[in-house]
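What follows is a set of notes on a single structure, which appears directly below.
The values are calculated or read from the model by the stated rules, or taken from the named source; none is laboratory data. Since the model is a prediction, treat every value here as computed from it, not as a measurement. Neighbour counts run over all protein chains shown; Cβ positions are idealised from the backbone, glycine included.
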Protein chains: 2
Amino acid sequence: MTLEHAILGFLYYIPLTGYDLKKAFDASVQHFWPADQSQIYRTLARLTEQGWVEVQVVQQENRPPRHVYSLTQAGREELRRWLTTELPPEEIRVPWLVQVFFSGQLSDEEILATFERVANQLRARLERAHRIPEDSTAYIEAIGSPRESFFWMLTLDYRIKVMEAELAWIEETIQRLQHKEQPPAEKQRS
Amino acid sequence: MTLEHAILGFLYYIPLTGYDLKKAFDASVQHFWPADQSQIYRTLARLTEQGWVEVQVVQQENRPPRHVYSLTQAGREELRRWLTTELPPEEIRVPWLVQVFFSGQLSDEEILATFERVANQLRARLERAHRIPEDSTAYIEAIGSPRESFFWMLTLDYRIKVMEAELAWIEETIQRLQHKEQPPAEKQRS
DNA sequence: TGCTATTATATGATTAGTCCTATATAATAT
DNA sequence: ATATTATATAGGACTAATCATATAATAGCA
């Protein structure tokens, strides 16, 4: 399970609470592995049962107590094992391609609108990706070494390059559709 | 829900059974929207309750009876509505990027092995994608018009182009790592 | 002769994840 | 003065999907 190991990954740097972990996810891996707050807490409970992490409860004045989780030796070994393991084939699910697949029954204008919507969503996502370094540089430097920062930045570079390729294809396809490369509808159903 | 609407999409062409639908999914949209057999049957039951499809049970000699589903008028309208609707932002989950993100603690050789594994999975997937047209041309032509085939082929073209971009980035990154662009590990933990 | 694949539908159990809500205090913003 | 945000944990309900299994006849293969 990826969330389990992502949590182990963060705890390898430094002990953290569920609350800290949620912020760490949002500031760094959210764009390719978002994590729900309640699921982080439930997963921490499971990791504790499994003996991969251990808790220390720290009381605070006028604040809820912090449950600080840290890696055990077994947790460090499990993390290492997972990091060097071949993962099951990636699951690809692209709902807008389902729209495209069945869009032959729509008018050319409606189909173009679909592609424009997808292009706009992608542009917004790309912009957000470009702003990630500014937003989390401090965070990254506080926790990671230069070597670790390098790989953090690699993941962002990958996502940006792939999204640029996606957007390029979509923009090219919009051109093709505007030049009416698609066969016309034959007869009306519905 | 995407599976619901993908089923409506197939039934728009022609009435089908759950068994037929499973084959249709596997031959066409599986590479961006795989569908589990049991989930198809459960979804058909739900679609019937909702009044978007209706069943006709056809008895056979020495075979289980076929439950043939066809679109109702409400189903046709729902499909059209969904095809022209903006979808919620796509969910991106890339487990191997989580490996890369936390791989600073591994040796350079181990990291290269990670990228090689991902590259090989992608190459296999690309090969399979290239074989899709041969495998399902007959299928596509039997059901769809030239206009519909055009959009079927568009979805495949998209996935191939994106996978090629992914593979290009990964191969480039392997080069960078072989030239030791990554900062070295500072001190050993664990 | 026995094994597997094909046709056809369906249920049970489980998993990974989302969304909503509860609780409680302090600080900040409008 | 009031509302929102930040800090901090956690449970309930639900959803989409997977995996395994059951049933039952026929056809093809080794």
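Scan the stretch A:122-130 and tell me whether some residue there is part of a helix (DSSP H, G or I), of a type outside the set (Asp, Glu), without any contact (Cβ under 8 Å) to a residue 24 or more places away in the chain and not assigned by TED's automatic domain parsing to the domain that holds residue A:7.
Narrowing the stretch A:122-130 to residues part of a helix (DSSP H, G or I): A:122-130.
Among the residues that remain, those that are also of a type outside the set (Asp, Glu) are: A:122-126, A:128-130.
Cutting the leftovers down to without any contact (Cβ under 8 Å) to a residue 24 or more places away in the chain gives us A:124.
Okay, now just the ones that are also not assigned by TED's automatic domain parsing to the domain that holds residue A:7, so A:124.
Yes, that holds for at least one residue.
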*For the stretch B:1-56, what are the residues that are more than 9 Å from DNA strand D (Cβ to nearest atom), within 14 Å of another protein chain (Cβ to nearest Cβ) and over 17 Å from residue A:101 (Cβ atoms)?*
B:15, B:52
*Out of the residues in the stretch A:145-190 that are of a type in the set (Val, Ile, Thr) and more than 18 Å from the chain's Cα centre (by Cα), state the one that is farthest from the other protein chains (Cβ to nearest Cβ).*
A:174
_Quick check on residue B:91: is it closer than 30 Å to residue A:10 by Cα, within 12 Å of DNA strand C (Cβ to nearest atom) and within 14 Å of chain A (Cβ to nearest Cβ)?_
yes
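Suppose the filter is of a type in the set (Asp, Glu) and modelled with pLDDT of 95 or more; does residue B:90 pass it?
When the stated conditions are applied, residue B:90 does not pass them.
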*Any pair with Cβ under 7 angstrom, 6 or more apart, that starts in the stretch B:150-175 at a residue that is β-branched (Val, Ile, Thr) and ends at one that is not in a helix (DSSP H, G or I)*: B:155/B:32
*So is residue A:68 more than 19 Å from the chain's Cα centre (by Cα) and within 8 Å of DNA strand D (Cβ to nearest atom) or not?*
yes
*Give A:85, A:114 a once-over and let me know the one that is over 27 Å from residue B:121 (Cα atoms) and more than 11 Å from DNA strand D (Cβ to nearest atom).*
A:114
*asked:* I'd like to check something: does the stretch B:122-134 contain any residue that is basic (Lys, Arg), within 7 Å of chain A (Cβ to nearest Cβ) and surrounded by 16 or more Cβ atoms within 10 Å (Cβ to Cβ)?
replied: no
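Kindly indicate whether any position in the stretch A:98-112 is within 22 Å of residue B:166 (Cα to Cα), within 7 Å of chain B (Cβ to nearest Cβ) and surrounded by 17 or more Cβ atoms within 10 Å (Cβ to Cβ).
At the first step, the residues of the stretch A:98-112 found to be within 22 Å of residue B:166 (Cα to Cα) are A:98, A:100.
Within this subset, residues satisfying the condition of being within 7 Å of chain B (Cβ to nearest Cβ) are A:98, A:100.
Pick out the ones that are also surrounded by 17 or more Cβ atoms within 10 Å (Cβ to Cβ) and you get A:98, A:100.
Scanning the stretch A:98-112, I find at least one residue that is within 22 Å of residue B:166 (Cα to Cα), within 7 Å of chain B (Cβ to nearest Cβ) and surrounded by 17 or more Cβ atoms within 10 Å (Cβ to Cβ), so the answer is yes.
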